[in-house]
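Asker: Provided herewith is a single structure, encoded as structure tokens, for subsequent inquiry.
The values are calculated or read from the model by the stated rules, or taken from the named source; none is laboratory data. Predicted model only: the values in this text are computed from it and were never measured. Cβ coordinates were reconstructed from backbone atoms using ideal geometry, including for glycine residues, and neighbour counts include every protein chain displayed.
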Amino acid sequence: MSRIPVTILTGFLGAGKTTLLNRILTEKHGLRIAVIENEFGEVGIDHELVVKTDEELFEMNNGCICCTVRGDLIRILGNLLKRRDKFDHILVETTGLADPGPVVQTFFVDEDIREKTFVNGVVTVVDAHHISRHMEDTHEAEEQIAFADVILLNKCDLVPTEKLDGLEKILREVNALATIHRTTRAEIDIAKVLEVGGFNLDRATELNPHFLEPDAHHHHHSDISSVGIEAEGDCDGKKLNDWISKLVQEQGQDIFRMKGVFAVKNQADRVVFQGVHMLIDAASGGPWAGRPRKNSLVFIGRKLDREALNKGFRACLA
């Protein structure tokens, strides 16, 4: 059986995560989704919509299933996977204050869960009205932004357009890879939230060249940033492995996300790496098929040393 895609939903209290979840659980979108909610959150699903209760699982009128985590996510996932004929997608809501890293890591660590599921993407709901203050006050807001594959910039009705442009720029500096959607009352086509393909190893990292150049004029108050590296030619597989392993051991706590597509000497296929903190996953990204062989790599994290990363990578070129 094919692995079930998992979307991880994160965002600050009051950003609009609840509104989005209730849309997913009530709208007629025709998708069968199992929603796992963390009970510490402020989330209240409207229980009049619940059809039947079976231990911790509630079935919704629109065919979705909802369950609450009390304690162990791995246990809940195990229970859910026994009923996998009931749904096609899992959505995990994380608590309002947490860095989603540990939740993402759960899907890398447990063998059984790793065989049956894959993390498709992290979606972060951001409150356009308050985000600049949140980013100044707390690390968590920035970490949630750093982790995202998709950012919903919500409550856009409360903020003038020119201010939204500025906010997008700040979000981009923290996270150069995420897709940003502007929303009001979390109104969005649900498929855009689920079909992210963010962690999906088949999708090559197509880098926007702007990410590769540090912005000399703008020193962002955050110590979280994105560093992109691109280089033509092949790299030496062993050097690359050694360099990435060493990097992860020494700086893994500060590297939230890493994605890269590499041309490795003597390998016909693209090699795709991705990492979350200390955990790294490598896979084939399919044949180069006539595309020029080149390496693209993006790090998102705290206190990244752009020069050292560039130098370290260039030393891996064959």
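Asker: Hey, can you tell me all the residues within region 78-95 that are under 28 Å from E142 (Cβ atoms) and buried (at least 21 other Cβ atoms within 10 Å of the Cβ)?
Answerer: Selection gives I90, L91, V92, E93, T94.
Asker: Name the single residue that is farthest from A148 (Cα to Cα) among those in region 270-287 being modelled with pLDDT of 85 or more and surrounded by 16 or more Cβ atoms within 10 Å (Cβ to Cβ).
Answerer: Across region 270-287, the extreme among qualifying residues is R270.
Asker: Residues to consider are I145, I113, I151, I131; find the one that is touching a Ser or Thr at 6+ places or on another chain (Cβ under 9 Å), β-branched (V, I, T) and more than 15 Å from L9 (Cα to Cα).
Answerer: I113
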